[in-house]
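*Asks:* Can you keep this structure in mind? I'll have questions shortly.
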Amino acid sequence: MSRNVQDNLTEAIDRALKTFKPPENLTVSEWADKKRILSSEETSKPGAWSTANVPYMKFIMDCFNDEYIREINILKCTQIGGTEGLLNTIGYIIDQDPGRIVYVLPDDELCKDFSELRLQKMLKSCPSIEEKFYANDSKDSLLKFKGGFIVFGSARVPGKLASWSA
């Protein structure tokens, strides 16, 4: 077998093994600590996410990984990291357990702003999920990624939400 053919075969096998390799067994907070990057567009303190900076969010984020928990309600004040915890959960889903996500906000304008100004910036700043995000096939209200999508819905238009939640 020639060296070139052998190199091509080795490369093909390596790619196949990476494709079928299962994701790491991480909780949402572990995923965030390991893979979430905050860009200068998202924060005044760019760099790696650290749950240690918001220790009260660890339990909330990790509830998502508990198979016995079906609903998570968060009663909180503003500006304590709740949205970042939800962004970490979305990043975890995209990277570790792809599927469909329905994200509901009070109105269409907030849906568009959140998608554009918060979520898409996170998707582009984290290498492990950026490669799975199909930016060219997405629009503000429907972001596609490998194995799933996130659709934004307005709480003011419940009829539209029914078609996505089925």
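The values are calculated or read from the model by the stated rules, or taken from the named source; none is laboratory data. If you're wondering where the values come from, they're calculated on a predicted model, not measured in any experiment. Here the Cβ positions follow ideal geometry from the backbone for every residue, glycine too, while neighbour counts run over all protein chains shown. Just so you know, the surface numbers come from the protein's heavy atoms only, side chains and all, with ligands and any DNA or RNA stripped out. Shrake-Rupley method; radii C 1.70, N 1.55, O 1.52, S 1.80 Å.
*Asks:* With a probe of 1.4 Å, find how much accessible area region 34-128 has per residue, and write the answer as a whole number in Å².
*Replies:* On a per-residue basis, region 34-128 sits at 61 Å².
*Asks:* Which cross-chain or sequence-distant (5 or more) residues have an amide H under 5 Å from the amide H of Arg36, H modelled 1.01 Å from N in plane?
*Replies:* Trp49
*Asks:* Once both labels are modelled 7 Å past Cα along the beta-carbon direction, what's the Gln120-Glu67 spacing in nm?
*Replies:* Label at Gln120, label at Glu67, 3.8 nm between them.
*Asks:* Now for a different question. At 4 °C and 1.567 mPa s, what whole-number value in µm²/s does Stokes-Einstein give for the translational diffusion of region 117-166, with Rh from the Kirkwood sum over Cα pairs?
*Replies:* 109
*Asks:* With each pseudo-label sitting 7 Å past Cα toward Cβ, what's the Val157-Tyr56 distance in nm, one decimal?
*Replies:* Between Val157 and Tyr56, the label points sit 3.5 nm apart.
*Asks:* Filter the cross-link list Lys45/Lys124; Lys35/Lys112; Lys21/Lys121; Lys132/Lys160; Lys18/Lys45 down to pairs whose alpha-carbon distance in this structure exceeds 23 Å.
*Replies:* Among Lys45/Lys124; Lys35/Lys112; Lys21/Lys121; Lys132/Lys160; Lys18/Lys45, the Cα-Cα distance tops 23 Å for Lys35/Lys112; Lys21/Lys121; Lys132/Lys160; Lys18/Lys45.
*Asks:* For the chain, which whole percent of the accessible surface, found with a 1.4 angstrom probe, sits on carbon and sulfur atoms?
*Replies:* It is 54 percent, rounded to a whole number.
*Asks:* How much of the DSSP beta bridge set in the chain is antiparallel, as a percent to the nearest 5? Don't jump to the answer; show the numbers that get you there.
*Replies:* Numbers: 8 of 14 bridges.
Here the share of antiparallel DSSP bridges comes out near 55 percent.
*Asks:* Another question, then. Label points 7 Å out from Cα along the Cβ direction at Asn4 and Asp140: separation in nm?
*Replies:* Between Asn4 and Asp140, the simple spin-label model gives 5.1 nm.
*Asks:* Ranked highest first by the average count of other Cβ atoms within 10 Å around their residues, in what order do 96-105, 40-49 fall? Don't skip to the answer; put the middle values down first.
*Replies:* On the way: 96-105: 14.7, 40-49: 12.0.
In decreasing order of mean packing, 96-105, 40-49 become 96-105, 40-49.
*Asks:* Please report the equivalent ellipsoid semi-axes of region 1-50, computed as sqrt(5 x eigenvalue) of the Cα gyration tensor, largest first, in whole Å.
*Replies:* Listed largest to smallest, the semi-axes of region 1-50 are 37, 16, 6 Å.
*Asks:* So for the chain, taking the charge dipole from beta-carbon charges (+1 Lys/Arg, -1 Asp/Glu), which of Asn88, Val5, Phe114 sits furthest toward the positive end?
*Replies:* Projecting each Cα onto the dipole axis, the largest value belongs to Val5.
*Asks:* Over all distinct alpha-carbon pairs, what is the Kirkwood Rh of the chain in angstrom?
*Replies:* After inverting the pairwise mean of 1/r, the radius is 17.6 Å.
*Asks:* What are the membrane-span-like helices in the chain by this rule: whole DSSP H runs, Cα extent along the axis at least 20 Å, mean Kyte-Doolittle hydropathy at least 0.5?
*Replies:* Details: long enough: 3-20 (26 Å, -0.70); 82-96 (21 Å, 0.21).
Going by DSSP H runs, there are no hits.
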